[in-house]
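The values are calculated or read from the model by the stated rules, or taken from the named source; none is laboratory data. Quick caveat, the model's predicted, so the values are computed rather than measured. With ideal geometry, Cβ positions are generated from the backbone for all residues, glycine too; neighbour counts draw on all protein chains shown. Each accessible area value is taken on the protein alone, full model and side chains, heavy atoms only, with ligands, DNA and RNA left out. Shrake-Rupley method; radii C 1.70, N 1.55, O 1.52, S 1.80 Å.
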Amino acid sequence: MKLVLLVALVAVAAAAPQGVRTLSQRLDQDPQGNYEHSYEQDNGQSASEVGRVSPGPEPGTGSLSQQGSFQFVSDDGQTYQVAYVSDEGGFQPQAAHLPVAPAQIPEYAQLRIDHPELFWAEGAQ
């Protein structure tokens, strides 16, 4: 786990445009693998993340849930912010500039009511 975090930090540092200064950086990790990481650069880029390990029933199993946010200044001069959760449910970003899945259309909801036999596969799960 420590090696993965170290590689990630090196990658971030290597990818940073030359002349960008890191204003602050923090990495705390406990013996179980839980961590908190954050940084801020003078170009408006910043990120923070908290990772929590949930051990599994056998050695070498378990899961890692991460929650965090990052922001950056795009080529158009706008500052974009993204908050996210990443866990067994996948990567789930939220931001004002990201598209949102549409709500269920009323016709589909009515079809479910009128013809439940069409949705038999949903009941099998």
**Prompt:** Out of all the residues in segment 94-114, is one or more closer than 21 Å to residue 36 by Cβ and either out of contact with any Cys (no Cβ under 7 Å at 6 or more places or on another chain) or of a type in the set (Ser, Thr, Tyr) (or both)?
**Reply:** yes
**Message:** Among the listed residues 96, 103, identify the single one that is closer than 24 Å to residue 44 by Cβ and either open to solvent by 80 Å² or more (accessible area, probe 1.4 Å) or in contact with a helix residue (DSSP H, G or I) (Cβ under 9 Å, 6 or more places away or on another chain) (or both).
**Reply:** 96
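Here is a yes/no grid of residues against (1) in contact with a Pro (Cβ under 6 Å, 6 or more places away or on another chain); (2) at pLDDT below 95; (3) not charged (D, E, K, R):
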{"residue": "27", "(1), (2), (3)": "no, no, yes"}
{"residue": "33", "(1), (2), (3)": "no, yes, yes"}
{"residue": "59", "(1), (2), (3)": "no, yes, yes"}
{"residue": "66", "(1), (2), (3)": "no, no, yes"}
{"residue": "76", "(1), (2), (3)": "no, yes, no"}
{"residue": "80", "(1), (2), (3)": "no, no, yes"}
**Request:** Could you list all residues from segment 44-87 that are among the acidic types (Asp, Glu), open to solvent by 50 Å² or more (accessible area, probe 1.4 Å) and closer than 22 Å to residue 32 by Cβ?
**Result:** 58, 87
**Prompt:** Which of the residues spanning segment 7-25 are surrounded by 13 or more Cβ atoms within 10 Å (Cβ to Cβ) and modelled with pLDDT of 65 or more?
**Reply:** 20, 22, 25
